[in-house]
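The values are calculated or read from the model by the stated rules, or taken from the named source; none is laboratory data. Just so we're clear, the structure is a prediction, and the values are computed from it rather than from any experiment. Cβ sites come from the backbone with ideal geometry, for glycine too, and all protein chains shown count toward neighbours.
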Amino acid sequence: MKEARHYSSLVECSEAVAAYIANLATSEITQKNSFNFVLTGGKTPRILYELLAQPSFCDQKIWQKTNLFWSDERCVSPNHPDSNYAMAHETLLSNTNIPSENIYRIPAELSPPRLGAETYEATLQKFFNNTNQLTSFPSFDLILLGMGQDGHIASLFPGSSALFEENHWVTAVEQTGAPPVARITLTFPVINHAKCVLFLISGGEKQKIAQAIIDAPQTISDKYPAAKVKTVEKLLWYIADE
Ligand code: 6PG
């Protein structure tokens, strides 16, 4: 199932995504007493994360049963201004009562980056093994993704060998992107095993790329990594004009 929704502003779009996530979390928790949610990095989700911490947008009881993960992380300290964890902590984690044991941060400060990737992969395998959900790849309930102006997702950039990783759940990426630092990222087998992937996209250039992917993903997947997200049960695009 693939669906695209358009909004005139990022605030309006973020409100719609917050409502969707709150409903999905409630449904998953009702069904299996847990909600396994992967956060994206970047700047676009800031408003969304602030909204998810507000009782008017989201029943705060969900955080007791929500397990939080990240799609990727820059290889900086967790309190560095470029850290995806730091932004989520400032906007969401520090404003909810989510138990610390429910937060699975990528240890991207470890050196070399490969050590951080191996450590996170072991953490995920232990988590999914413990919940008897271990197949070849984990199936997260929701993976939230942004997209770069080059069509990258997580830290899977055009031309990177990480795009073709078929076995590892997590991999390290050499210095690239903005900020130009090494990164740790989930791989496509994990992303494509999610029950739901939700893209939160904002801005004209990204809108054009998103629409090209929605219209004909198979013809441009070599150019835009985002077009390689396809085998999930639900693929949702929430797109803001501004
Ligand atoms: C990262 C993100 C990345 C992000 C896009 C869009 O670590 O940078 O995970 O994939 O989603 O680069 O970033 P903006 O939302 O800042 O445009």
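Brief remarks follow.
- Here is the figure for the range 196-234: residues that are assigned to a helix (DSSP H, G or I) and within 14 Å of the ligand (Cβ to nearest atom) total 9.
- Verdict on V17 being part of a helix (DSSP H, G or I), touching a residue at least 40 places away in the same chain (Cβ under 8 Å) and either of a type in the set (D, E) or buried (at least 23 other Cβ atoms within 10 Å of the Cβ) (or both): yes
- Among the residues making up the range 157-179, those that are within 15 Å of the ligand (Cβ to nearest atom) and closer than 15 Å to Y120 by Cβ are A162, V170, T171, A172, V173.
- Annotation: of all residues in the range 213-238 being hydrophobic (A, V, I, L, M, F, W, C) and touching a Gly at 6+ places or on another chain (Cβ under 9 Å), the one that is modelled with the lowest pLDDT is I220.
- Filtered residues of the range 21-52 (kept if closer than 28 Å to K126 by Cα, away from the ligand (no atom under 12 Å from the Cβ) and not polar (S, T, N, Q)): I21, A22, L24, A25, E28, I29, K32, F35, F37, L52
- Looking across the range 169-202, the residues that are modelled with pLDDT of 95 or more and more than 17 Å from the chain's Cα centre (by Cα) come down to V181, A182.
- Scope the range 80-119; condition more than 16 Å from the ligand (Cβ to nearest atom), within 23 Å of A178 (Cα to Cα) and touching a helix residue (DSSP H, G or I) at 6+ places or on another chain (Cβ under 8 Å); matching residues: L110
- Inter-residue pairs, beta-carbon under 6 Å, first within 18 Å of K32 (Cβ to Cβ) and in the range 118-135, second part of a helix (DSSP H, G or I) and at pLDDT 65 or above, 6+ apart: L134/F128
- Filtered residues of the range 220-236 (kept if closer than 13 Å to G151 by Cβ and not acidic (D, E)): I220, S221, K223, Y224, P225, A226, A227, K228, V229
- Within the range 38-59, the set of residues being closer than 13 Å to E15 by Cβ and outside any loop (DSSP other than H, G, I, E, B) comprises I47, L48, Y49, E50, L51, L52.
Residue-wise test of (1) assigned to a helix (DSSP H, G or I); (2) crowded, with 17+ Cβ neighbours inside 10 Å; (3) under 18 Å from the mean Cα position of the chain (by Cα); (4) modelled with pLDDT of 95 or more.
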position	(1), (2), (3), (4)
A108	no, yes, yes, yes
S111	no, no, no, yes
A122	yes, no, no, yes
S136	no, no, no, no
